[in-house]
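Worksheet: one structure, shown below.
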Amino acid sequence: MSIPSPPPRINCPHCQGAIKAPALPPGSRVTCPKCGQTFAIGGPTAVAKPATPTKPALASPPIAKPAAAANPQPAIRHPQSPPTVDPLQLGPVARPAAAKQTELAVVCKLCGTRMYAPLTQVGKTMPCPDCHTVNEILPPKLAPPKPAGPTLDNVEEYQLSDPGDRPKYRPTVAPRGDYAELAEFEPGAHPPGFSRPVAGQGASAPVGGEDDGDDFKLAAPEERIETKTTYVLPPPDPVEREGSLYDGKYDDDLIGENVDPRAPDAWKKSPFVLRIVEFLFYTSTLPRWIAYSVGLAGLVLLGHRAYEQAMVEGMTQVFAIPMFMALVLGGGIVLPPLAASLLAVINDTANGTDEVTSWPNWSPLECLVQAAYVFAAGLVAGLPGIVVSMLLLGLGLDPIVGAFAAGVPIIVSWTALLPIVLYSMLAENSVAAVVSPHTLRSFRLVGEAWMLFYLYSLVIGLFAAVGASLLALSGLLPIVIGAILLLTMAMLYCRLLGRLMWYASEKEAKLAERQTPPTPAASV
C-alpha cells in the first residue's frame, strides 16, 4: 500500500516562511499568511527544500522547514485553469442569490407523504400516490415582515428600580425678606442663621447679616366685633303676562309658534297642537284602538240584533233574552277595560309623558277600580242634564219627537262638567272628590287653556254626535265606522284633558317657585 506524499511547500521571498503550496499554476500571485506580503509563484525553484532547522534571527519569526527535503516535490501545474486570486485579497465575497422557488411541498393530510407540485398548480388539488387522498395545493407561506426596530414582544416583564434618595435642592443664595419666611414650610432646608419669629418680639435678624430696613413688631391681637351684612336680592323680573308658563320671557300661547315639531319635547311648547292625534298611531296605542273599536262595534251590532228579535211577534221573541244576556256580559268584558284605558291616557299625559305606557293589565279588579273614576265622573257630570231632561219629559214633551231635545241637556251637562269633575277626582285621587281646590285654582292660572280646551270639546262633540248617529243605523258598515269615530273622539278628548292638567300643574309649579321667599341673609 502506497503512502500519499505530503503537499509541496514554497518559501515566502519576504519572510522565508514555509507555506503549503496550493494547486496553482506558476505566475499566480498569492499572499503570505505570516507577513502579509504578496508574491508570485515561480517555477520549480520556488519549492521549498528540506533543510535542517536553524535558530532564527531575533528580528524574524521562526521558520518551519519541510521534513522531506531529500526528495522535493515540484508544484503541480494546471495550465488550462484560470489563475486564482487569494480570497483574503478580495475581501468579503457576496453570497450567491437564492434560486427562485419553482415547486411547492405538499404533505398528505392522511398519511403524511411528501409530494411536490409546480407553482402554477396553486389552488388546485392533487391525489396522494400512497393513500389516494385528494390534497389541496396551498400557496407558499410568506415570512412575517421584520420589525423596523427592537420591540418588547415576548420579553419578560420588568420594573424600574428604586431611584434611591436624591439630594435635596439647596439654593446657592440665602433667601431674604418674605422668601426667608416661606422657607419655614420646608423642614430641613432652612438657610444658616434662620430663626423662627416669636409673637410679641421684633423680627429676627436678617439672614446673612444684611439689613433690609424692615424692622417691625407684631401688635397684640384685639377682639374684633362681628358684624352682619345683609344682602338685598334684586326683585324678580317683571312678568309680562300674568300666569305665563315661562316666567314672562317666552309664551307660546299654546299654539306652538316658531317651534320645531321634530324636536323630542316640542309638544311641551305647544301642548294643545303637537302630537294630539299622532299618539293614536304609536305602537303602544294602535292595537288597543283597533281592538276596542271592534269590541264596541260588536256590542252595538249585538244590541241591534237583540232589539230586532224582541220586536218580532211570535214565539221567537224568547231568543231575545239570551241575546240581551250576551250583550250585558260583553259590555262587562269590553267597557271596563276601555274606561281604564281612557283613564291611562289622561294620567300619562298629565304626568308629562308623550307615549302612554301605564295601560291596564288583565286584572279584572284593577280594571274596575280604574274604570270607576270614568263611570262616576260621567254619572255626576250628567246628573244635572238628566234632571232637566226628566223635567222636560214630565211637562209633556213627546219622547219620540223630542228625543233630540231631551238629550241636549245631558250632552251640554257632560260637555261643561265632565272635565271639571274628572280633573278633581284625579287631582285628589278620590272618586268622592267632585270639586277640588286645584281645579278651581286652575281656572285663574290657566284660563286661556280652559277656553281652548272647551273650543276643542265642541268640535270633538260634533264628531262624536256623528259617530253616535251612525251607531243608531242597522247596517254593519255604518256601525263599524261609527264605533271607530266615537272611540277616536273619546281618546282625543282624554288626550286634551291630560294636556290641560299637565299645563296647569306646570304653571302652578312655576308660580310657586317664583313666589318662594328668598333664603335668609348670610352673616359675615
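Every number in this text was worked out from the coordinates using simple rules, so none of it is lab data. All values derive from a computational prediction rather than experimental measurement. We place every Cβ from the backbone using ideal geometry, glycine too, and count neighbours over all the protein chains shown.
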Per-pair calculated FRET efficiency, R0 = 35 Å: V387 and L440 via Cβ, rounded to 0.05: 0.90
Residues other than P127 with Cβ under 15 Å of its Cβ, Lys/Arg counted +1 and Asp/Glu -1, net out at +1
Here the Cα Rg-to-2.2 N^0.38 Å ratio for segment 294-416 is 1.35
For the V459, I321 Cβ pair and Förster radius 45 Å, calculated FRET efficiency rounded to 0.05 is 0.65
Once the mean 1/r over all distinct Cα pairs of segment 384-499 is inverted, what Kirkwood radius in angstroms do you read off? 16.0 Å
Please give, to one decimal in nm, the separation of the simple spin-label points placed at E313 and I411, each 7 Å out from Cα toward the Cβ. 3.5 nm
Nearest-0.05 FRET efficiency for L395 and D260 at R0 = 51 Å, using Cβ-Cβ distance, is 0.35
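S442: net charge of surrounding residues, Cβ under 12 Å, Lys/Arg +1, Asp/Glu -1, itself excluded? If you can, show how the numbers build up before the last one.
Numbers: positive: R441, R444, K507; negative: E448, E506, E508.
Local net charge: 0.
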